[in-house]
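K.L.:
Before we start, here is the structure in question, set down as structure tokens.
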Amino acid sequence: MNLSWTRFGSLPLRSKARANRENGVGNTKHKDIAVWLREMDLEEYQSIFEKFQGVEDLLEFSETDIKDLGVKKSSHRARIISSLTCLRAKYHGKYFF
């Protein structure tokens, strides 16, 4: 059986994680943080985010959370929050654009 994130598009985050564990998917992540940062030209923050396993770990972060991690430039925080907002909508299967 091939399981993918789209199959669980309408489930809440906890249900998705539980369904993946039950089906043996393990810790498959939507997007690798290093790749995500590189796509935004923000590789300088890789050391800040290295403790996270994937972008899913950041989906519910606010701008304050990102600032507290050490992203001091407001334009960089805005880029990160914008990306997280889009990824959160995609992850939850709610496209508004």
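Every number here is computed from the coordinates shown, using simple stated rules; none is lab data. Keep in mind that this is a model prediction, so the values were computed, not measured. Every residue, glycine among them, receives a Cβ derived from its backbone with ideal geometry; neighbour counts consider all protein chains shown.
K.L.:
Based on the mean of other beta carbon atoms within 10 Å per residue, what is the order of 35-47, 80-92, most packed first?
P.N.:
Per-residue Cβ counts within 10 Å, averaged per peptide and sorted highest first, yield 80-92, 35-47.
K.L.:
Compute the length gained on full extension between residue 47 and residue 68: take 0.36 nm times their separation in residues and subtract their Cα-Cα distance, giving the result in nm to one decimal.
P.N.:
So the chain would gain 6.2 nm between residue 47 and residue 68.
K.L.:
Here is a further query. Straight-line reach from residue 90: which aspartates and glutamates have Cα under 14 Å away, leaving out those fewer than 8 places along the same chain?
P.N.:
Here the aspartates and glutamates satisfying the reach criterion relative to residue 90 are 56, 60.
K.L.:
In angstroms, what radius of gyration and Dmax does segment 30-97 have, counting Cα atoms only?
P.N.:
11.3, 32
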